[in-house]
Amino acid sequence: MTRNKLRLAIVGAGPAGIYAADILLKSERNFDVSIDLFDHLPAPYGLVRYGVAPDHPRIKGIITALREVLDRGDIRIFGNVRFGEDITLADLKKHYNAVIFATGAVKDADLNIPGVELEGSYGAADFVSWYDGHPDYPREWPLDAQSVGVIGNGNVALDAARMLAKHAEDLLPTEIPANVYEGLSRSPVTDVHVFGRRGPTSVKFTPLELRELGELRDVDMIVYDEDFDYDDAARAAVAGNKQVFVIDKVLQQWRKRETGQASRRLHLHFFAKPLEVVDDGNGRVGALRYERTAPDGEGGVVGTGEIREIPIQALYRAVGYFGSPLPGIPFDKKFGVIPNHEGQVLIRDKETGQSRQMYGVYATGWIKRGPVGLIGHTKSDAMETIKHLINDLGNWWRPESPSEESVIELLESRGIQWTDLDGWHRLDEHEQALGAAEERKRIKVVPRDEMVQVSRGEV
């Protein structure tokens with residue numbers, strides 16, 4: 001009797017997609033597996049390559065583990081292939097038994113306050129994509145503000161604040177693209193203000209991120225004594241949670257530091273609820289107006305009615321990421337995810353209003369559960385999704401053209417300049433060679449067409 005074979009497509013070659021592929025290949029099953037990873041970018045690794053600040057080499061070490069998975073040679077990669085344009089859901093049904101969407105969340109969540117549309121108001125996710133050399137973003141970024149605001153108390157907010165406050169020359173040992181270094185080196189910034197509506201014991205960033213802020217050269221860390229009048233709930237958080245304890249210890253040390261000698265200052269404003277981005281009279285950001293909050297005794301905050309205003313000329317919104325819809329796939333506009341039950345994609349019947357499983361279609365990672373949690377959480381996500389994929393064998397698609405060669409023929413017939421694993425190795429070596437010429441580990445290639453040409457050996 002011939003064994004069953006699963007031809008699986010995974011859309012998204014970041015950690016979520018690669019973990020899902022690896023877990024399936026290592027799982028107990030009674031069928032063979034053939035996996036193709038598709039990504040709209042010419043290079044793999046998703047937000048690890050394009051969402052982690054260049055001065056975070058420890059986090060980028062995750063790439064080493066992901067590369068080991070890909071280099072085994074049992075997963076094919078098709079980069080520079082856009083789902084919905086270059087390849088469609090109908091195409092996947094013709095060539096595969098199932099698809100897992102692992103497309104993540106790369107857009108900024110909305111911040112609904114007046115003035116957020118003013119010139120000089122930016123999404124932090126867009127800023128991250130710029131300084132990480134994402135090929136689909138402009139090469140230039142407006143860095144003309146002396147005083148800058150960042151709204152948010154998560155790791156992305158601290159990354160953005162650190163990149164804005166850090167002296168550009170201190171980024172040269174990293175893989176920062178040349179155009180990003182040039183832009184940051186011209187920045188006139190003197191003050192970066194970070195705003196969070198809760199207190200110091202309720203922040204969402206990690207101790208490591210916070211410590212790194214305090215290590216910036218020629219940057220004073222400014223915290224305000226009024227923010228450290230803890231209530232019982234805050235004191236209990238410090239005593240009962242190791243992470244909160246460490247964060248509090250770092251902040252308390254900063255309170256004792258001498259300040260006033262550095263050329264730049266990074267201010268942390270807690271208990272600050274943003275109310276309005278104030279127009280400077282010319283359609284640009286002129287200030288952030290916020291309400292001072294206070295502890296409510298239960299770990300939350302309430303408004304005090306006290307309104308304050310800090311002059312700024314630019315504002316970055318770091319209030320979270322948000323998923324993007326995919327052609328032909330259900331999408332929850334409220335939460336920015338694909339509706340699913342433990343990774344099984346659900347579709348709503350228009351007549352009955354009831355949800356049912358969309359057979360053959362699965363989700364994992366941030367597009368499945370929303371942009372929360374660290375990269376490690378993605379593994380447990382993938383395990384759950386893969387369990388259902390295996391158990392759903394009887395409901396897989398029955399492709400009319402399942403051969404591995406047929407997908408290559410399809411892409412070639414459409415003139416798609418796709419990249420593969422060998423191409424990523426060429427690009428990787430090319431970027432490292434660019435870096436070595438300047439005694440750096442790597443210099444990223446930013447333009448998409450150049451990435452593709454290097455990957456395909458055309459330069």
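Sort the following peptides by mean Cβ neighbour count (other Cβ atoms within 10 Å, averaged over residues), highest first: 100-106, 254-260.
Peptide ranking by packing, descending: 100-106, 254-260.
I'd like the antiparallel share, as a percent to the nearest 5, of DSSP beta bridges with both residues in the chain.
So the antiparallel bridges amount to about 35 percent of the total.
First obtain the Kirkwood hydrodynamic radius of region 110-319 from its Cα pairs, then insert it into the Stokes-Einstein equation at 10 °C and 1.306 mPa s, and state the resulting D in µm² per second as a whole number.
The estimated diffusion coefficient comes to 90 µm²/s.
For a quick check: with amide H placed at 1.01 Å from N, whose amide H comes under 5 Å from Gly149's, ignoring anything fewer than 5 positions away on the same chain?
Under 5 Å from the amide H of Gly149: His193, Gln313, Ala314, Leu315, Tyr316.
Below 18 Å, Cα to Cα, which aspartates and glutamates can Lys94 reach? Residues fewer than 8 away in the same chain don't count.
Partners found: Asp36, Glu85, Asp86, Glu400, Glu404, Glu405, Glu409, Glu412.
Could you point to the label whose value was computed as semi-axes √(5λ) of the Cα gyration tensor in Å for the structure here, given [x] 30, 29, 23; [y] 35, 25, 22; [z] 42, 27, 20?
The value matching this structure is [z].
Is the C-alpha gyration tensor of region 118-165 telling us rounded, prolate or oblate? Criteria: a/c under 1.5 is rounded; beyond that, a/b larger than b/c is prolate, otherwise oblate.
Judged from the Cα gyration tensor, region 118-165 comes out oblate (a/c at least 1.5, b/c at or above a/b).
Kindly rank 136-143, 163-170 from highest to lowest mean number of other beta carbons found within 10 Å of each residue.
In descending order of packing, they fall as 163-170, 136-143.
Cα centroids of region 176-203 and region 324-370: how far apart, whole angstrom?
Rounded to whole Å, the Cα centres lie 36 Å apart.
Determine the per residue accessible area of the chain with all protein chains present and a 1.4 angstrom probe, expressed in square angstrom.
45 Å²
Straight-line reach only, C-alpha to C-alpha below 12 angstrom: list the aspartates and glutamates that Lys444 could link to, leaving out same-chain residues fewer than 8 apart.
In chain and number order, the partners are Asp132, Glu175, Asp428, Glu429, Glu431.
I want to make sure I understand the PRE zone here: with the label point 7 angstrom from the Cα of Asp232 toward its beta carbon, which residues in region 281-303 have backbone N atoms less than 16 Å away?
295-300
Once the convex hull of the C-alpha atoms of region 17-117 is built, how many Å³ does it hold per residue, rounded to a whole number?
165 Å³
Quick one: pull the percent of accessible area on region 347-456 belonging to carbon and sulfur, 1.4 Å probe, ligands and nucleic acids left out.
The C+S portion of the solvent-accessible surface of region 347-456 is 48 percent.
If I fit a long axis through the Cα atoms of helix 155-165 and take the longest principal axis of the Cα atoms of the chain, what angle between them do I get, 0 to 90°, rounded to 10?
Result, in degrees: 60.
Could you work out the equivalent-ellipsoid semi-axes for region 312-428, taking the square root of 5 times each eigenvalue of the Cα gyration tensor, largest first, in whole Å?
28, 26, 17
Residue-wise, which Karplus ³J(HN,Hα) couplings in Hz belong to region 340-356, taking 6.51 cos²θ - 1.76 cosθ + 1.60, θ = phi - 60°, and x for glycine or proline?
3J(HN,Hα) across region 340-356, in whole Hz: 7, 10, 6, x, 7, 5, 10, 10, 8, 6, 5, 7, 8, x, 8, 9, 9.
Rounded to whole Å, give me the distance from the Cα center of region 37-52 to that of region 407-447.
Between the Cα centre of region 37-52 and that of region 407-447, the gap is 12 Å.
Could you give the dipole magnitude of region 110-319 about its Cα centre, charging the beta-carbon of Lys and Arg +1 and that of Asp and Glu -1, in debye to the nearest 20?
My answer is approximately 480 debye.
What number results when the radius of gyration of region 217-329, computed over Cα atoms, is divided by 2.2 N^0.38 Å?
1.35
Compute the length gained on full extension between Ser27 and Thr259: take 0.36 nm times their separation in residues and subtract their Cα-Cα distance, giving the result in nm to one decimal.
Contour length minus the Cα-Cα distance gives 77.9 nm.
Just the number, please: carbon plus sulfur as a percent of the accessible area of region 110-319, 1.4 Å probe, no ligands or DNA/RNA counted.
It is 47 percent, rounded to a whole number.
Any of Lys166/Lys256; Lys242/Lys273; Lys334/Lys387; Lys242/Lys334 with alpha carbons more than 30 Å apart? Name them for me.
Lys242/Lys334
What is the set of long-range amide H partners of Arg197 at a cut-off below 5 Å, with H atoms built 1.01 Å from backbone N?
Here the answer is Ala272, since their amide H atoms fall under 5 Å of that of Arg197.
The values are calculated or read from the model by the stated rules, or taken from the named source; none is laboratory data. Here the structure is a predicted model, which means the values were calculated and not measured. Cβ coordinates were reconstructed from backbone atoms using ideal geometry, including for glycine residues, and neighbour counts include every protein chain displayed. The protein model used for the area step is the full one, side chains on, heavy atoms only, and it has no ligands, DNA or RNA in it. Shrake-Rupley method; radii C 1.70, N 1.55, O 1.52, S 1.80 Å.
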